[in-house]
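Worksheet: one structure, shown below.
The values are calculated or read from the model by the stated rules, or taken from the named source; none is laboratory data. This one's a predicted model, so the numbers in the text were calculated from it and none came from an experiment. Note: ideal-geometry Cβ built from the backbone for every residue, glycine included; neighbour counts use all protein chains shown. Note: areas computed on protein heavy atoms with side chains; ligands, DNA, RNA excluded. Shrake-Rupley method; radii C 1.70, N 1.55, O 1.52, S 1.80 Å.
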Amino acid sequence: MSKPLHSSENWLRVLQYAVLYTATLVILIPVLNIVLSSFKTNEEINRVFTLPSSLQFANYARVFASSYVLMNIINSVAVTGITILISIYLTSMAAYSLARRNEPFFHFIYFLFISASMIPIAANLVPLYVLINKLRLVDTRTAVVLISISSAIPMGILLYTGFIKGISRSLDESASIDGCGRLNIFLKIIFPLLRPVTVTYAVISSINVWNDFLMPLLFIRSPSKKTITLAVYSFMSEYVNDWGAVYALLTIAFLLPVAFFIYNQKHFYGGMTDGAVKM
């Protein structure tokens, strides 16, 4: 009876690896095509999945020759960085309070935060635009930052609360006996222990903010204030016949978030696993 069982396990493993490799190819083939095309001439781009005859760095030169591309990249880095820093500060402190309190009111607040992520963004567009317009923040990067922070809070509350619940309360009690205040307990004892889930939250949120197209499209008008996603959109309209430059800008657009993820992937997977288990 053991041999058929062992044989079925082998076939299942083969099937799992086949699905895994197929999914990997489906994901990587378009990315590889974009990178290769960024070094091709416009004539060679039509020959998909072929190597360029020579590396056409002129495509990248034409991208940076555009008036606002470098500024657009800086805008995306600034919006993403500010959003992540403020979101980490707000959500980690809020989650600490929610995780350490057992009163029904705090459970209600927790589920209120989580339920906010279930509201489709399309349902908020009109009231959101009216609010931003009344605050006179239309055509400002501040509007995008504020909206991005509000969108990132529910996931931060979920991850941080689950992680903090797995940290022993004895650490809080020992520090409190030594005369440490609640804020210092969090900043000096609890927050350093949150590094894995912080990296996880930062990676997921940064990718979402970096790739956001709808909010910058709605609230930013000036070319110098646009983010990289709007730059790609505008560039494709302006350089509709220069696909080499378009692919070069697409490569630049996904290069930074991919590099950020690769650098932090060890802590990313650890934070995801710990946060899920400790819930």
Taking the simple approach of a point 7 Å from Cα along Cα-to-Cβ for both E9 and K165, what is their distance in nm?
3.4
Label-point gap, in nm, between V26 and L183 - each point 7 angstrom along Cα→Cβ
5.1
Just to confirm my numbers, what's the Cα centroid distance between segment 15-47 and segment 145-204 in Å?
40
Per residue, in Å², the accessible surface of the chain once ligands and nucleic acids are set aside, probe 1.4 Å:
59
Can you give me the distance in nm between label points at V126 and V35, each placed 7 Å from the Cα along the Cα-to-Cβ direction?
4.6
Per the 1.4 Å probe, what fraction of the accessible area of the chain, in percent, lies on carbon and sulfur atoms?
69
List every DSSP H helix in the chain whose Cα atoms extend 30 Å or more along the helix's own long axis and whose mean Kyte-Doolittle hydropathy is at least 1.0.
69-100, 141-164
Using mean projected area of the Cα convex hull in nm² as the read-out, say which of (i) 22.2; (ii) 19.6; (iii) 26.5 was calculated from these coordinates.
(i)
